[in-house]
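Data first, discussion second: the structure below is written as structure tokens.
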Amino acid sequence: MHKPVLVVTTHFMDKIEARIDRDYDVRRNPHERPFTRDELIEALSGADALFITPFDRLDSDFFKRVSASVKVIATYSVGFDHIDVQAAANRNIAVAYTPGINADATAEIAMLLMLGASRRAYEGQEMLRAGTWIISNLLGRQLAGKVLGIFGMGRVGRAVAQRARGFGMTIHYFNPTRLPAALEQDAVFHSNAPDLLRVSEFLTLHAPETPETHHLINSKTIDLLPQGAILINTARGGMVVDEDLIAALKSGRIAAAGLDVFEGEPKLHPGYLPLKNTFLLPHMGSAAVETRLAMGMLALDNIDAVLDGKPAPSLVTKELVVA
């Protein structure tokens, strides 16, 4: 029986790889580095589908050149800003993503960043490993009794709110629309972002990067935050102007930051590295075994459905807003 040809740009968990081997005639990236654009175009000649990660950027030029045989592209991610969705639609190529599955894992990382930044965990690690253990020098800030501002109350934002309540935080949020009472619970809604920032002793970002949210955190919006606020970002690095945040961290205007995402990643602004008041992670939001396995299986479910002419669970063309 003929198997559809699937091009895979990286290696996945064993159970995902086993399903790929079982169901597809697979073409894998033979290199230890990512495909070049020309290599990927060549690999897709005559292929039916493509399975990518956010590190594979598919722009309009890619879609002009890609083989007409390709029917679906599945990305191993909730975000799809690395894909020119309109260019894909112009070529009648379905684009699939994996929404919702990563909410709990990302919320856990947000809480890790919140605690790590506020309680000076990086400095504590440094001190312990250097053998200079002086506890009294590392006075942090507790979460209990603080206002947590959540920018974006989709699935991840709501999961963070649920966890933060357990730490005794008061929840305020901004969202394009107010949540129903059952989802909002005791959270305070702000109809505009500046009002949220003015009360946020902790601010955590959980919105997609759009023209409206690009560089949302800049020198002007930082000045709206309470003195010594703490910023958390597990959403997109492009929502922050790095130079402005670094300056605020150096001056103490922002007490600390916990960052899992960076503009231009995997590269990041070198100005973050010497700062003691940053708690930095390499985009680990969804990096839990359970979450990554579920994401991979959903991506393959989407590919199977499109190739079989059946309704797919999560196509970008059906739902353009990441919740």
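The values are calculated or read from the model by the stated rules, or taken from the named source; none is laboratory data. For clarity, every value in this text was computed on a predicted model and none was experimentally measured. Neighbour counts run over all protein chains shown; Cβ positions are idealised from the backbone, glycine included. Just the protein is used for accessible areas: all its heavy atoms, side chains included, with ligands, DNA and RNA removed. Shrake-Rupley method; radii C 1.70, N 1.55, O 1.52, S 1.80 Å.
Partners of LYS146 within straight-line reach, counting aspartates and glutamates whose Cα lies under 16 Å from its Cα and excluding those fewer than 8 residues away in the same chain: ASP186, GLU201. Helix content alone sets the calculated 222 nm mean residue ellipticity of the chain: runs of n ≥ 4 DSSP H residues at -39500 (n - 2.57) each, divided across all residues, give -10000 deg cm²/dmol. Heavy-atom accessible surface of TYR24, to the nearest 10 Å², is about 10 Å², with a 1.4 Å probe and all protein chains retained. Using a cutoff of 8 angstrom between alpha carbon atoms and counting only pairs six or more residues apart, the relative contact order for region 102-207 works out to 30 percent.
Can you tell me which aspartates and glutamates have their Cα less than 18 Å from the Cα of LYS15? Leave out same-chain residues fewer than eight positions away. Cross-link targets: ASP23, ASP25, GLU290, ASP301, ASP304.
Taking all protein chains together and a 1.4 Å probe, the residues LEU216, LEU58 rank LEU216, LEU58 from largest to smallest accessible area. A simple rule links phi to the HN-Hα coupling: the Karplus curve 6.51 cos²θ - 1.76 cosθ + 1.60 with θ = phi - 60°, which for region 185-202 gives 6, 9, 6, 9, 8, 10, 7, 9, 5, x, 5, 5, 4, 5, 10, 8, 5, 10 Hz, with x for Gly and Pro. Less than 5 angstrom separates the built amide H of ALA256 from those of LEU231, all sequence-distant by 5 or more or on a different chain. For the pair region 265-281 and region 209-240, the centres of their Cα atoms are 16 angstrom apart. Note down the relative contact order for the chain as a percent, whole number, built from C-alpha pairs under 8 angstrom at least six residues apart. Relative contact order for the chain comes out at 18 percent.
Less than 5 angstrom separates the built amide H of VAL26 from those of LEU6, all sequence-distant by 5 or more or on a different chain. Computed from the C-beta positions of ILE41 and MET13 and an R0 of 25 Å, the FRET efficiency is 0.40 to the nearest 0.05. With θ taken as phi - 60° and the Karplus curve 6.51 cos²θ - 1.76 cosθ + 1.60 applied, the whole-hertz 3J(HN,Hα) list for region 6-15 is 10, 9, 10, 8, 8, 9, 10, 4, 4, 5 Hz, x standing for glycine and proline. Extension gain for the segment GLN125 to PHE55, taken as residue separation times 0.36 nm less the Cα-Cα distance, is 22.2 nm to one decimal.
Largest accessible area first, the listed residues ARG37, ARG57 line up as ARG57, ARG37 when surface is computed with a 1.4 Å probe on the assembled protein chains.
Hey, got the dipole for region 50-150? About the Cα centre, +1 on K and R Cβ, -1 on D and E Cβ, debye to the nearest 20?
Values: 10 positive and 9 negative charges, 16 e Å.
Magnitude of the dipole: close to 80 debye.
Can you find, among SER219, LEU50, ILE93, the residue sitting farthest towards the positive end of the charge dipole of the chain, where Lys and Arg contribute +1 and Asp and Glu -1 at Cβ? The residue sitting farthest along the positive end of the dipole is SER219. Averaging the sequence gap over all C-alpha pairs within less than 8 Å and six or more residues apart, then dividing by the number of residues, gives region 181-323 a relative contact order of 17 percent. Less than 5 angstrom separates the built amide H of THR10 from those of ASN29, all sequence-distant by 5 or more or on a different chain.
To put it simply, the accessible area of region 123-237 at a 1.4 Å probe is 56 percent carbon and sulfur. Take HIS2: with every protein chain present and a 1.4 Å probe, its accessible area is about 150 Å².
At a 10 angstrom cut-off on C-beta neighbours, averaged per residue, how do the peptides 229-241, 245-257, 269-281 rank from highest to lowest?
Those peptides, ordered most packed to least, come out 229-241, 245-257, 269-281.
For region 93-106, the Karplus equation 6.51 cos²θ - 1.76 cosθ + 1.60, evaluated at θ = phi - 60°, returns couplings of 9, 6, 10, 10, 9, 10, x, x, 5, 8, 4, 5, 5, 5 Hz by residue, with Gly and Pro reported as x. Rolling a 1.4 Å probe over the protein chains gives SER219 an accessible area of about 60 Å².
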